[in-house]
Amino acid sequence: MRSILWIGLFLFGVAGILVPVSLLYVASGLPPLDNVFTLESQLRGYIEGERTGERAGEMVQVPVTWPRPDFNKLPSDLVALYLSQMGCPNYFRSPRETGLKMAWRAFDYLAFGGSPKDPNGRCEYRFAYRIAQSMRLKDNAQLAVAAYKIEGFLQRPDLVAFDLQATRYAPGVIGVDDAVRVLFDKPLSALTLAEDAELALAMPPNNYFVPIKACLSGPQIKQARDGLLQQLADDHLVPAERAHLAADQPIACLHRK
């Protein structure tokens with residue numbers, strides 16, 4: 001029994017050294033990523049560079065400048081739809097993941113590819129990981145450690161905002177504001193709940209931007225949109241009556257054609 005205890009303590013001690021050393025080694029090869037300002041600078045460079053290139057070739061319907069994401073400017077219904085679809089309905093209802101738990105999760109992704117356990121912490125790390133991907137990091141180890149660093153300095157609302165505003169939909173079309181301009185030709189704040197749900201189909205994890213832009217199949221789009229609204233109500237993120245009223249609305253892409 002005593003030998004088992006000593007083995008356990010030894011393994012715990014080794015892990016306590018291995019985890020931080022592994023994270024520090026990978027972090028040394030990352031671009032500057034110490035706070036929200038360095039993250040913003042990195043993302044702006046990639047995004048504005050791509051938009052400028054697209055404007056030099058095929059014109060896109062979006063501005064070149066990329067402002068810092070602001071969670072307060074995102075419609076609450078759209079945020080709720082995104083959290084629902086990402087499997088994170090309790091994202092703002094649970095304690096934030098901190099400290100050693102964050103480091104272990106990063107090491108888990110670094111060494112074993114991640115785990116579905118602890119969905120609330122997984123959501124924080126998943127949003128941070130998606131932001132790291134928007135920095136054009138390709139190496140899995142760098143992505144894992146960059147996500148760990150990003151999760152450490154971004155607050156929960158900012159993780160969602162940066163994720164939504166750095167997602168790439170098409171060449172030069174980056175962020176939910178760009179997607180709205182292309183799909184609806186109106187400001188994000190002017191969307192109804194029904195339109196928010198249609199937009200959510202174009203967003204991760206559904207990624208139906210191209211079919212919705214082309215409005216390839218109205219009945220199928222409406223069926224999928226209504227499914228998102230029902231899930232939103234099932235997750236208790238909007239009243240069921242609001243979701244049902246939104247489902248009664250026609251899809252917006254038919255009006256655009």
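Computed from backbone phi with θ = phi - 60° and the Karplus coefficients 6.51, -1.76 and 1.60, the 3J(HN,Hα) list for the stretch 32-44 is x, 7, 10, 7, 5, 6, 5, 4, 4, 5, 4, 5, 4 Hz; x is used for glycine and proline.
Placing a label point 7 Å from the Cα of residue 240 along the Cα-to-Cβ direction, the residues of the stretch 213-230 whose backbone N falls under 15 Å of that point are 229-230.
Taken along the Cα-to-beta-carbon direction at a fixed 7 Å, the label points for residue 230 and residue 136 span 4.3 nm.
Which of 84, 94, 76 has the fewest other C-beta atoms within 10 Å, and how do the rest follow up to the most?
Values: 84 23, 94 15, 76 11.
The most exposed by this proxy come first: 76, 94, 84.
Provide the gained length on full extension for the span residue 223 to residue 90, in nm with one decimal, where the gain is 0.36 nm per separating residue minus the Cα-Cα distance. Extra length from residue 223 to residue 90 when fully extended: 45.4 nm. Between residue 255 and residue 192, full extension at 0.36 nm per residue minus the direct alpha carbon distance yields a gain of 21.2 nm.
Using the Cα centre of the stretch 174-242 as the reference point, and only Cβ charges (+1 on K/R, -1 on D/E), how large is the resulting charge dipole? Debye, rounded to the nearest 20.
Dipole size: approximately 220 debye.
Applying a threshold of 23 Å to the alpha-carbon distances of 186/213; 138/186; 73/222 flags 138/186; 73/222 as lying beyond it.
Read-outs: derived from the displayed coordinates by stated rules, not from any lab. Predicted model only: the values in this text are computed from it and were never measured. Don't worry about glycine lacking a Cβ; one is built from the backbone with ideal geometry, like all the others, and counts go over all protein chains shown.
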